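Presented below is the structure to which this report refers.
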Amino acid sequence: MAKKVHIPLQLVIEHGAIRDLHQTQVYDWLNGARVLLISGSGKTRGVTDRIQEVIGDRASRVEVLTCRDNKLDTINELERQVLEDTPDLIFGVGGGKALDMSKVVGTRSNVPVVLFPTAISSDAICSPVAVVKMLNKSTSIGVKMPQAVVIDLDVLASCPPRLMSAGIGDLLSNKTALFDWQLAHKAGKEEMNTFASLMANNAAESFMNILNQPELEQSQLMKVASEALIMSGIAMSIAGSSRPCSGSEHLISHALDYHCGAKALHGEQVAIGVLFAQYLQGEQEKVEKLAPYYEKLGLPTHYADLGYTREEMHRAIVKAPSMRDRYTIFNEYDLTDEQIDRILDEVYPDRAKNRYRLIGSSVG
Ligand SMILES: [Zn+2]
């Protein structure tokens with residue numbers, strides 16, 4: 001029996017993708033269509049203006065709404081406006097929140113969504129999951145996959161390096177997540193989807209492989225990272241959950257968000273979580289091997305670089321297993337406070353501090 005899988009009808013990852021939009025299938029869909037652009041604020045507005053110019057003559061109507069946050073009230077307000085005068089297409093333009101909000105509103109109002117990421121700070125650029133803020137806590141909810149994703153590499157080139165590093169952190173987590181998925185399967189807790197697991201693994205591997213190339217150009221790095229993050233999103237769509245890309249390392253990041261003040265970007269926290277998860281998974285030698293990659297990519301190698309204290313990191317590890325009902329390497333341990341302290345010392349030694357500097361800022 002075959003499974004029905006939702007994947008985008010078109011993926012464009014190119015220089016000048018917005019300028020050349022008339023060459024894509026997306027442009028065909030625009031003929032006489034009413035389009036709603038859900039735009040992030042700040043610098044994103046410039047990109048939204050350019051898209052508006054490019055599609056102005058083709059669409060019958062183009063409206064722009066600005067999305068400032070991912071709170072439930074904002075979603076309800078956007079949804080109300082969409083339902084009052086339903087567009088034929090929603091274009092989500094932004095770095096994270098605007099994309100998530102477009103996916104949620106598109107799903108709730110049954111309008112197809114095209115995403116134009118202006119940064120690649122997580123695998124949300126093409127995934128069936130969106131993060132919504134409810135009662136001041138971030139929660140992941142299931143949404144429909146976007147109908148198309150258009151990534152203009154010239155736009156990404158001006159995105160703060162910190163955001164791209166975060167996206168790569170989210171990508172590297174596929175490795176530890178897949179280990180956990182396998183564990184859950186062996187423990188009889190979950191079905192394994194081999195195709196989804198292959199895709200998520202290849203996404204991370206293809207990226208790691210290109211890092212070993214001498215004289216790697218920034219634009220090539222961005223292209224491969226974009227492709228790999230999209231593949232990760234499609235792996236989640238195939239699996240029907242975030243399982244192929246989210247395991248114990250994500251539980252640590254969720255615990256940092258919920259219990260320790262959410263001080264850094266999702267992908268940065270996940271990158272820190274990967275180091276701890278790999279240790280528990282018995283792959284300490286890989287933790288050491290990862291360090292040069294982290295440095296090369298500008299990823300943090302110590303929680304202190306993200307503003308967390310030792311006590312907060314300890315708390316995050318204690319709370320991580322209960323963050324969601326998902327079987328991971330944490331279920332195979334019953335860590336005592338002493339053991340956690342010892343592992344924290346080994347995984348995050350003092351010499352791992354300050355290899356990374358926070359630069360740039362988050363965009364909506
Ligand atoms: Zn993630």
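The values are calculated or read from the model by the stated rules, or taken from the named source; none is laboratory data. In this text the structure is predicted, and so the values were computed from the model without any measurement. Ideal geometry is used to build each Cβ from the backbone, glycine not excepted, and the neighbour counts take in all protein chains shown.
Here are a few things to note about the model shown:
- Taken over segment 298-343, the criterion of being part of a helix (DSSP H, G or I), hydrophobic (A, V, I, L, M, F, W, C) and surrounded by 21 or more Cβ atoms within 10 Å (Cβ to Cβ) is satisfied by Met313, Ala316, Ile317, Ala320, Ile329, Phe330.
- Exactly one residue among Val64, Val82, Val47 is under 19 Å from Ile120 (Cα atoms) and touching a Ser or Thr at 6+ places or on another chain (Cβ under 7 Å), and that residue is Val47.
- Taken over segment 244-256, residues that are over 15 Å from the mean Cα position of the chain (by Cα) and either without any contact (Cβ under 8 Å) to a residue 40 or more places away in the chain or within 13 Å of the ligand (Cβ to nearest atom) (or both) amount to 3.
- Any hit, segment 257-264, residues being more than 14 Å from the ligand (Cβ to nearest atom), touching a residue at least 24 places away in the same chain (Cβ under 8 Å) and assigned to a helix (DSSP H, G or I): yes
- Condition met for Ser122 (within 16 Å of the ligand (Cβ to nearest atom) and touching a residue at least 60 places away in the same chain (Cβ under 8 Å)): yes
- Qualifying residue in segment 287-295 (condition: away from the ligand (no atom under 16 Å from the Cβ), aromatic (Phe, Trp, Tyr) and under 20 Å from the mean Cα position of the chain (by Cα)): yes
- Residue among Ser232, Ser197, Ser241, Ser206 that alone is in contact with a helix residue (DSSP H, G or I) (Cβ under 8 Å, 6 or more places away or on another chain), within 13 Å of the ligand (Cβ to nearest atom) and among the polar types (S, T, N, Q): Ser232
- Test: Ala271 is more than 13 Å from the ligand (Cβ to nearest atom), surrounded by 22 or more Cβ atoms within 10 Å (Cβ to Cβ) and in contact (Cβ under 8 Å) with a residue 24 or more places away in the chain: no
- Scanning segment 210-265 for residues being at pLDDT below 90 and over 18 Å from Ile120 (Cβ atoms) gives a total of 4.
- Single condition Ile141 does not satisfy, out of (1) without any contact (Cβ under 8 Å) to a residue 40 or more places away in the chain; (2) within 16 Å of the ligand (Cβ to nearest atom); (3) over 29 Å from Val111 (Cα atoms): (3)
- Test for Asp69: is it closer than 19 Å to Leu115 by Cβ, in contact (Cβ under 8 Å) with a residue 40 or more places away in the chain and surrounded by fewer than 16 Cβ atoms within 10 Å (Cβ to Cβ): yes
- Test: residue in segment 80-91 that is at pLDDT 90 or above, surrounded by 24 or more Cβ atoms within 10 Å (Cβ to Cβ), touching a Phe, Trp or Tyr at 6+ places or on another chain (Cβ under 9 Å) and at negative phi: yes
- The lone exception for Gly188 - which of (1) among the small types (Gly, Ala, Ser); (2) closer than 22 Å to Gly142 by Cα; (3) not in a helix (DSSP H, G or I) it fails: (2)
- Test: residue in segment 13-36 that is touching a helix residue (DSSP H, G or I) at 6+ places or on another chain (Cβ under 8 Å), closer than 20 Å to Cys126 by Cα and modelled with pLDDT under 95: no
- Residues being under 18 Å from Lys4 (Cα atoms), of a type outside the set (A, V, I, L, M) and in a helix (DSSP H, G or I) - total across segment 207-242: 3
- Residues in segment 166-193 that are away from the ligand (no atom under 14 Å from the Cβ) and either under 23 Å from Lys223 (Cβ atoms) or basic (Lys, Arg) (or both): Lys186, Lys189.
- All positions within segment 145-161 that are surrounded by fewer than 23 Cβ atoms within 10 Å (Cβ to Cβ) and more than 18 Å from Met231 (Cα to Cα): Asp154, Ala157, Ser158, Cys159, Pro160, Pro161
- Candidates are the residues of segment 292-305 that are of a type in the set (A, V, I, L, M, F, W, C) and in contact with a Ser or Thr (Cβ under 6 Å, 6 or more places away or on another chain); the one that is modelled with the lowest pLDDT is Leu297.
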